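See below for the structure under consideration.
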Amino acid sequence: MIVISVANQKGGVAKTTSAHNIAAALARFNDKRTLLIDMDPQGNLTDSTGLDPKKQEKSVFDVLDGADLVSVIQRLEDKLDILPSNGTLAKAEQYFINAVGRENLLKRPLKKLSDPGYDFVIIDCPPSLGLLTLNAFVASNYLLVPVQAEYHALAGLQQLQETLAKIKMADLNHSLDVLGLFVTLYDGRRKLNVGVDEALRPEWGDRLMVTKIRDNVALAEAPSHSQDIFTYKKNSKGSSDYQALTEEVLNVLQRRAAA
């Protein structure tokens, strides 16, 4: 089971859209049993899949508080499930602040998860680097980082790198690594977009994904219809981009495993 956190402390970079569509592509086109985890108190991922966060009696908060993980999971489609969020998650930072081993509240139930077995767990992290994101990072094998093609996105990556270094130094998850960065909301006609992409390459090298997620209105519309991009508009640029990105993720994982 490979656990990937989709994370960037900057909001509006398409974290939720990316987590949803990558998970859907893994399940639907690559026959991978996949679990989505909505770690964001706003519950946007949960809402995007057609579940009302306000109507969820139990959520990831209950799992962090010791509830059986399998009992909270909900089926979305064949090979794709979700651990939903609800408003209760907003109090998690304060509620668990003095909990023993508070960094491992998500890792422990995931390690016990054997039935149903998953090939992938995709975690949608909140736009912050607080306790919820820390739990996601500690439970993950890899980070997948969406980066909006605009100037301030570059500055935000430094804090993410610092958090990753602190996690390793504290021996909370020494093997955690960045699987890759990928550019979102990309428009090749804009000089700034092209410049940001070129600026990322020297520092991140081959960890900068070749696939870019182009700016596409269908990607913005799909969540309001409670659908992933493949269901909403299968012939859109967004659909082809996320299929290509998912294939690239699988190829990178295969190369890492062989190294």
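Each value in this text was obtained by applying a stated rule to the coordinates, not by laboratory testing. Since this is a predicted model, take the numbers as computed values, not measurements. All Cβ positions, glycine included, derive from the backbone under ideal geometry; neighbour counts span all protein chains shown.
Points worth noting:
- Hey, residue 242 without any contact (Cβ under 8 Å) to a residue 40 or more places away in the chain, under 30 Å from residue 52 (Cβ atoms) and aromatic (Phe, Trp, Tyr) or not: no
- When the criteria are applied in full, residue 196 fails the requirement of being under 22 Å from residue 250 (Cα atoms), among the aliphatic types (A, V, I, L, M) and either in contact (Cβ under 8 Å) with a residue 12 or more places away in the chain or in contact with a strand residue (DSSP E or B) (Cβ under 6 Å, 6 or more places away or on another chain) (or both).
- Which listed residue, of 164, 179, 160, is assigned to a helix (DSSP H, G or I), under 17 Å from residue 14 (Cβ atoms) and under 21 Å from the mean Cα position of the chain (by Cα): 160
- Among residues of segment 77-92, those that are more than 17 Å from the chain's Cα centre (by Cα) and within 23 Å of residue 31 (Cβ to Cβ), counted: 3
- Residues being part of a helix (DSSP H, G or I) and either closer than 26 Å to residue 55 by Cβ or of a type in the set (Asp, Glu) (or both) - total across segment 87-138: 17
- Options 10, 32, 79, 54: the member that is at positive phi and touching a residue at least 24 places away in the same chain (Cβ under 8 Å): 79
- Only one of the listed residues (105, 51, 64) is among the hydrophobic types (A, V, I, L, M, F, W, C), within 21 Å of the chain's Cα centre (by Cα), crowded, with 16+ Cβ neighbours inside 10 Å and within 26 Å of residue 220 (Cβ to Cβ). That residue is 51.
- Pairs linking a residue in segment 203-221 that is in contact (Cβ under 8 Å) with a residue 60 or more places away in the chain and surrounded by 15 or more Cβ atoms within 10 Å (Cβ to Cβ) to a residue that is among the acidic types (Asp, Glu) and in a helix (DSSP H, G or I), with Cβ atoms under 6 Å and 6 or more positions apart or on different chains, are 213/241.
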